[in-house]
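Notes follow the structure.
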Amino acid sequence: MTERWRSVAAAAGLAADDGSTRPTIFAEMTALALATDSANLGQGFPDADGPEWIRRLAAEAILQGENQYPPGRGIPALRESIAQHRLRHTGIAVDPSTEVLVTAGATEALAAALLAFTGPGDEVVTLEPFYDAYAALIAMSGATHVTVPLRHIDGAFRVDRAALADAVGDRTRVIVINTPHNPTGTVLSADELGLISDVAQRVDALVLTDEVYEHLTFDGARHHALAALPGMADRTITISSSGKTFSLTGWKIGWAVGPAPLIEAMTAVKQFLTYSGGAPFQPAIARALAAGDDDILELRDSLADRRDLLVSGLRAAGFDLVVPGGTYFVCADATPFLSDAAPDGAAFARMLPGAIGVACVPISAFCRAGSETASALSSWVRFTFVKDERTLRTAIDRLSRLGGAAEPASEQHG
């Protein structure tokens, strides 16, 4: 018997040859970082907690008795705040009672949607590279995962338009779009979103838009809401989260916004996933979304400065890279540092903590094994800049020593 969990592990690239499962690349690299006292630019979690006033609201809610199950769809105050936040930032009006669902982070929203709307015989299209949970969740549903490459062209990652048109067909049930995009930092253009809109409507597909980095864009790059395009409101589910917006990733307060019949279907699935959760965090995030725009701008500007610091350091170390328009991440080509001992980005990433005391992750971890995209980006790695300045400067100093990377980490740093 082939159990479903094995297909899920295989889809996520976690199936080992002996039948066991490997840890995710994030867990592996974080463990390596800890073992070597490395500056961890691999896993994308903030060093600093979110605004104190928001955290105090959650602490007060605990003491005031917000400790039992909240409503399955989320407390009314949070759903109303999500609706008002969406109207204020995108101009899209939604009914908080029927068109908003609060979830245990964005990942549960994605899971509920894919389990609700796809199954064996269906195809789900994503961009590639892709956030690793997409492949696992698609496998859980029994659907087939089809990918469209983001190509490195003229210093940027852009959608392969011809590949998208070819990938979307009669069996396509859902298209998953992540913008701003993890891992590449690409902010999809209005033109690219228009193309996605056209192909979705051509085959009557639903679109899930993963927009957890919606506010974290730089250099005037603008995040466009796909649901606002003509013909898309009735077929688009928009997913976001407070985790990235307010640097509160452990709270796991996410949401989905979309047409009432689609949200109803997701709710039917979600009630058998977590049902509900985050009771004291929900009122805090309701207030944060209503009154936290200045905090969001402060975080965005701080991240832009830290991005520039890391980009400058990586370039000085000898990397070619793409300057991201958003997110937490910089993608860099490690080709100048590859060798027989580290012939590709995956080997380079595993070598780096022990060699100089810096952790990153290979872009191949976000690709399907053996795919064209995995091959094209085999030498690329991803660094996060959502760390404090001291950690970034430590990493940059150590990266400047890459010419002597054969020495063990204990000889490179304390």
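The values are calculated or read from the model by the stated rules, or taken from the named source; none is laboratory data. Treat the numbers as computed from the prediction; the structure is a model and nothing was measured. When we count neighbours, we look across all protein chains shown, and the Cβ atoms used for this are built from the backbone with ideal geometry, even at glycine. Accessible surface is based on the protein model in full, side chains and every heavy atom, while ligands, DNA and RNA are left aside. Shrake-Rupley method; radii C 1.70, N 1.55, O 1.52, S 1.80 Å.
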- prompt: For the chain, what are the DSSP H helices with axial Cα length of 24 Å or more and mean Kyte-Doolittle hydropathy of at least -0.5?
  reply: 293-317
- request: Express in Å², to the nearest 10, the accessible area of E66 obtained by rolling a 1.4 Å probe over the protein heavy atoms while all chains stay in place.
  value: 90
message: I want the local charge near I92. Using Cβ-Cβ distances under 11 Å, sum +1 for each Lys or Arg and -1 for each Asp or Glu among the other residues.
response: +1
task: Count the net charge of all other residues whose Cβ sits under 13 Å from the Cβ of R55, scoring Lys and Arg as +1 and Asp and Glu as -1.
output: -2
message: Cut-off 10 angstrom, C-alpha nodes, Gaussian network model of the chain. Which of G142, G231, G220 fluctuates the most?
response: G220
query: Which of Y328, S339, A365 sits farthest toward the positive end of the charge dipole of segment 288-368, with +1 on the Cβ of Lys and Arg and -1 on the Cβ of Asp and Glu?
result: S339
- line: Averaged per residue, the 1.4 Å probe accessible area of the chain, protein heavy atoms only, in Å², is roughly 41
- prompt: For the chain, what is the relative contact order in percent, using Cα pairs closer than 8 Å and at least 6 residues apart in sequence?
  reply: 23
query: When the convex hull of the Cα atoms of the chain is projected onto a plane and the area is averaged over all directions, what value comes out in nm²?
result: 20.2
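State to the nearest 20 debye the size of the charge dipole of the chain about its Cα centre, where the only charges are +1 on K and R beta carbons and -1 on D and E beta carbons.
Details: 33 positive and 49 negative charges, 79 e Å.
I would put it at about 380 debye.
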message: Can you compute the charge dipole magnitude of segment 155-263 about its Cα centre, using +1 on each Lys and Arg Cβ and -1 on each Asp and Glu Cβ, nothing else charged? Give it in debye, rounded to the nearest 20.
response: 240
field: Rounded if a/c under 1.5, otherwise prolate or oblate - segment 287-388, Cα gyration tensor axes
entry: prolate
task: Report, in debye and to the nearest 20, how large the dipole of segment 1-86 comes out about its Cα centre when Lys and Arg carry +1 and Asp and Glu carry -1 on their Cβ.
output: 460
- prompt: Based solely on its DSSP helices, what 222 nm [θ] is calculated for the chain when runs of n ≥ 4 H residues each add -39,500 (n - 2.57) and the sum is averaged over all residues, nearest 500 deg cm²/dmol?
  reply: -12500 deg cm²/dmol
- prompt: Ignoring ligands and nucleic acids, what accessible area does D295 show with a 1.4 Å probe (Å², nearest 10)?
  reply: 40
query: Counting Lys +1, Arg +1, Asp -1, Glu -1, what net charge surrounds S375 among other residues with beta carbon under 15 Å of its beta carbon?
result: -3
- prompt: Taking the Cα centre of segment 198-257 as the origin and placing charges on Cβ (Lys, Arg +1; Asp, Glu -1), which of L229, L248, Y213 is farthest toward the positive end of the dipole?
  reply: L248
- request: Taking just the C-alpha trace of segment 1-111, give me its Rg and Dmax in Å.
  value: 20.2, 53
query: Which sequence of E60, E99, E192 reflects their accessible areas, 1.4 Å probe, from the largest down?
result: E60, E99, E192
